[in-house]
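Here is the structure we will look at.
The values are calculated or read from the model by the stated rules, or taken from the named source; none is laboratory data. Remember, predicted model here, so these are calculated numbers, not experimental data. Ideal geometry is used to build each Cβ from the backbone, glycine not excepted, and the neighbour counts take in all protein chains shown. All accessible areas refer to the heavy atoms of the entire protein, side chains included, with ligands and DNA or RNA removed. Shrake-Rupley method; radii C 1.70, N 1.55, O 1.52, S 1.80 Å.
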Amino acid sequence: MDRLEVPKTAERMTVAASAFLRALTAEQRERACYPFGDERRSWSFLPATDRDGLPIGALDEGQRRLGHELIVTGTSMPTYTKVVSVIAMEHVHRALSPNWLADLFNPERYCFKLFGTPGEQVWGWQFAGHHVSLNFTVVDGRHISPTPCMLGSQPASFGLLAPLADDEELGFRLIGSLDAAQRAAAIIQIGRAHV
């Protein structure tokens with residue numbers, strides 16, 4: 001991102017986060033709002049039956065729209081498309097899973113968290129769930145840290161839906177460009193993938 005664009009993006013984030021917060025009930029704000037501190041380091045892409053924060057499933061249509069407008073401030077349109085496609089894959093994962101696991105893959109459990117107050121010297125926000133973790137910290141309205149950020153997909157594709165196909169292709173091209181010694185150093189063999 002061009003450094004001249006960062007203050008504009010920070011302002012869009014502040015406006016979107018403030019609008020989202022204003023649309024919430026007091027009870028919803030209590031679930032969504034945290035002080036700016038260690039809590040923002042808490043994130044996971046693993047499936048969970050319960051997450052801290054305000055789940056999408058607790059939002060009405062207008063609140064959901066405002067939540068998505070906040071997500072758009074931190075992503076390009078292609079990345080936003082990937083985020084919503086990854087969330088849509090939860091329905092596929094759920095349908096392909098045994099009944100005792102199916103409830104873990106619920107797109108309504110993706111949660112919003114806001115840290116501090118939008119527009120303060122330091123504040124941040126998070127949108128996280130199974131296979132999506134977006135974390136942003138805004139400092140002085142001039143600096144944005146977009147980490148950690150993670151997108152995944154399980155299954156990687158189904159029918160026409162393949163949210164991360166272009167990212168996978170780039171990864172395979174990178175690995176294919178390495179010689180044997182580089183490949184041995186770069187590839188970490190991991191045991192069975194998580195559910």
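The accessible-area ordering, largest first, of the residues CYS111, CYS33 stands as CYS33, CYS111, per a 1.4 angstrom probe. Here the dipole of the chain is about 80 debye; that uses its Cα centre as origin and unit charges on the Cβ of Lys and Arg (positive) and Asp and Glu (negative). Rounded to 0.05, the FRET efficiency of the ARG65 and ILE187 pair, given R0 = 45 Å and the Cβ-Cβ distance, is 0.60. Computed with a 1.4 Å probe on the full set of protein chains, the accessible area for THR25 sits at about 70 Å². In this structure the chain gives 57 Å² per residue of accessible area when probed at 1.4 Å with all protein chains present.
Each residue of segment 160-176 is assigned a 3J(HN,Hα), and the resulting list reads 7, 8, 8, x, 10, 4, 5, 5, 4, 4, 4, x, 5, 5, 4, 4, x Hz, derived from the Karplus form 6.51 cos²θ - 1.76 cosθ + 1.60 (θ = phi - 60°), x at Gly and Pro. A probe of 1.4 angstrom, applied to the heavy atoms of all protein chains, finds LEU151 with accessible area near 50 square angstrom.
Convert 25 °C to kelvin, take the viscosity as 0.890 mPa s, use the Kirkwood radius over C-alpha pairs of segment 10-94 as Rh, and evaluate the Stokes-Einstein diffusion coefficient in µm²/s, rounded to a whole number. Don't skip to the end; give the middle numbers.
Numbers: Rh = 14.4 Å.
The estimated diffusion coefficient comes to 171 µm²/s.
To the nearest 10, the accessible area of MET77 is 110 Å² with a 1.4 Å probe.
Its alpha carbons give the chain an Rg and a Dmax of 18.0, 58 Å.
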